[in-house]
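Have a look at the structure below, then the notes.
The values are calculated or read from the model by the stated rules, or taken from the named source; none is laboratory data. Note that the coordinates shown come from a computational prediction; the quantities given were computed from them, not determined experimentally. As a convention, Cβ positions derive from the backbone with ideal geometry for all residues, glycine included, and neighbour counts pool all protein chains shown. The area values use the complete protein model at the heavy-atom level, side chains included, leaving out ligands, DNA and RNA. Shrake-Rupley method; radii C 1.70, N 1.55, O 1.52, S 1.80 Å.
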Amino acid sequence: MRSTVFALILLGWSLGNPLPALAQDADQRATVLHLSQTAERKVARDVLRVELRAEETGADPRIVQSAINRRMAAALDRARQAEGVRVETGSYNVGQERPPNGPMRWRGSQSVILTGKDSDTILKLAGTLQSDGLSTAALGFQVSPETVRGAQDDLTAEALAALDQRAASIAGQMHLAVLRYRDLRVGNAETEGRPVPRFAGAAMAAAAPPVAEPGEAIIRVTVEAELLLAGSRP
């Protein structure tokens, strides 16, 4: 008896609440709209990165490596004395060269990388290391991760608002209304700007410190959505 009563209650509820079936039917009859919206902002590049190399050539690989090690030790000791500069070493390579019109020789190099927000200090340090015999392999400004993260939330909100407004506008022009969002994808903030300049080793070796201008980069966030449009309500 109790089972029969419970079954009747469930039947009455399903007949009186056909919302799931109606919602599914509405989705099937809806128009699908795919949209992509990007919000962007210009920001100043606030981090300078300079890569310098100690390079040596010679007939004996042990002498080449010893000279590189000595020059790198001196460069690191000098660089660590600069405040606010992150110092790290890059790749270390030693290999044979066979010039077409000369004897076989060994060439080796190792790089030191200077990174920080105090560009004046870094450029002055780079000039000193150039005077000590190191050559500049790359020099360029970039946007710091904290600057990118700081802009991400604002750009996400801006892109979502613009996408929502555009969806409503398109629906209105079609005499429809936005039923709901069926899918939404939000990308992470990305930066765009000129590539980091790279230089031939000897071309940047000079007594005067290098000069650089940070310029601006673009941070952007892109959102993509799939919406359902249906007949507007009277």
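Here are the numbers:
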item	result
Within segment 108-134, tally of residues that are in contact with an Asp or Glu (Cβ under 7 Å, 6 or more places away or on another chain) and at pLDDT below 95	0
Criterion: open to solvent by 60 Å² or more (accessible area, probe 1.4 Å), basic (Lys, Arg) and part of a helix (DSSP H, G or I) - qualifying residue of Arg149, Arg180	Arg149
Residue that is farthest from the chain's Cα centre (by Cα), among those in segment 214-234 that are part of a loop (DSSP other than H, G, I, E, B) and modelled with pLDDT under 90	Pro234
Residue match in segment 57-72 (condition: farther than 30 Å from Gly150 by Cβ and in a strand (DSSP E or B))	yes
Every residue from segment 143-171 that is closer than 15 Å to Val186 by Cα and of a type in the set (Lys, Arg)	Arg149
Residues that are among the hydrophobic types (A, V, I, L, M, F, W, C) and either without any contact (Cβ under 8 Å) to a residue 12 or more places away in the chain or in contact with a Gly (Cβ under 6 Å, 6 or more places away or on another chain) (or both), drawn from segment 153-175	Ala157, Ala161, Ala168
From the options Leu139, Leu160, residue that is within 16 Å of Thr222 (Cβ to Cβ) and either open to solvent by 10 Å² or more (accessible area, probe 1.4 Å) or outside any helix (DSSP H, G or I) (or both)	Leu160
